[in-house]
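Below is one structure, written out as structure tokens; comments come after it.
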Amino acid sequence: SSVAFWYQTGTPTFAERAPDAEARALPNLDLIFPAVAKEARRSKGEARDQKMPFYPGGHLLFKPEQKVGGWIELPFTVKEKEPRRLLLAITQAPDFGIYQAYLNGVKIGPTMDFYNKDTRDWEWHLMDFWPEPGDYTLRLECVGKNHFSEGHGMAVESVRLRERRPRVKEWGFEKDHDWRAKPILHD
């Protein structure tokens, strides 16, 4: 039996039908800033857009010439001050390295190991904050590689700012917190 059976009132009818799949689609909670080779600044190395089955628009593949210390910068613009979670939609692969993220020159989050024995999509959560409107630059810098990895590359589909729970905005939780002094990522 279904849970609905226990909560229904009156005689059941089939007058109200469930909406079709398109009407049931979940809302997109992310502001998405696609990573594109022509917009990214980088150290020497190969950077190109690459199609992948799990990213319809593809991703930006970067293989730094200088292994440790190679970097790529992804620009994005914030239009409204509201609570957001900064995250990356990335690819993990057998030949990818370990990277550190910096937002406008401020180190955020722990190092990110982009190695995986299989190529797959992944989300890496970096920070919860109330970004001020303006231009931002997310820098990803290679700091090494996993001992199983065959290289120091990386691939990113997009930088994302995910909407946080409505009550965070309603209560103004951490609205005046300076993320530059102490970046925070809530579990």
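The values are calculated or read from the model by the stated rules, or taken from the named source; none is laboratory data. Keep in mind it's a predicted model, so treat the numbers as computed, not measured. FYI the Cβ positions are ideal-geometry reconstructions off the backbone, even for glycines, and counts take in every protein chain you see.
Filter the stretch 94-107 for residues that are over 14 Å from ALA35 (Cβ atoms) and either crowded, with 22+ Cβ neighbours inside 10 Å or within 17 Å of the chain's Cα centre (by Cα) (or both) and give the result. Show your work before the answer.
Applying the first criterion (over 14 Å from ALA35 (Cβ atoms)) to the stretch 94-107 yields 94-98, 100, 102-107.
PHE96, GLY97, ILE98, GLN100, TYR102, LEU103, ASN104, LYS107, listed by residue number.
Among the strands (runs of 3 or more DSSP E) confined wholly to the stretch 12-72, which include 1 or more residues that are in contact with a Phe, Trp or Tyr (Cβ under 7 Å, 6 or more places away or on another chain) and without any contact (Cβ under 8 Å) to a residue 40 or more places away in the chain?
Of the strands (runs of 3 or more DSSP E) lying wholly inside the stretch 12-72, those with at least 1 residues that are in contact with a Phe, Trp or Tyr (Cβ under 7 Å, 6 or more places away or on another chain) and without any contact (Cβ under 8 Å) to a residue 40 or more places away in the chain span 45-52.
Condition first: among the small types (Gly, Ala, Ser) and at pLDDT 95 or above. Now tell me which residues in the stretch 152-187 satisfy that. Break it down stepwise before answering.
Taking the stretch 152-187 first, the residues among the small types (Gly, Ala, Ser) are 153, 155, 158, 172, 181.
Across the stretch 152-187, the qualifying residues are GLY153, ALA155, SER158, ALA181.
Show the residue pairs that are 6+ apart or on different chains and have beta-carbon atoms under 8 Å apart, the first residue being within the stretch 159-187 and in contact (Cβ under 8 Å) with a residue 40 or more places away in the chain and surrounded by 11 or more Cβ atoms within 10 Å (Cβ to Cβ), the second being acidic (Asp, Glu) and in a loop (DSSP other than H, G, I, E, B).
GLU163/GLU82; VAL168/GLU174; LYS169/GLU82; ILE184/GLU174
Which ones in the stretch 47-93 are over 16 Å from the mean Cα position of the chain (by Cα) and closer than 25 Å to ASP187 by Cα? Spell out how you get there, then give the answer.
Of the residues in the stretch 47-93, the ones over 16 Å from the mean Cα position of the chain (by Cα) are 47-53, 62-71, 79-82, 93.
Within the stretch 47-93, GLU80, LYS81, GLU82 meet the criteria.
Those residues that are at positive phi and at pLDDT 95 or above, I need them from the stretch 57-115; list them, please. Write out each step before concluding.
The initial filter retains those residues of the stretch 57-115 that are at positive phi, namely 58, 69, 104-105, 109.
Selection gives GLY69, ASN104, GLY105.
Within the bounds of the stretch 130-148, is there any residue that is within 23 Å of PHE173 (Cα to Cα), without any contact (Cβ under 8 Å) to a residue 60 or more places away in the chain and buried (at least 19 other Cβ atoms within 10 Å of the Cβ)?
yes
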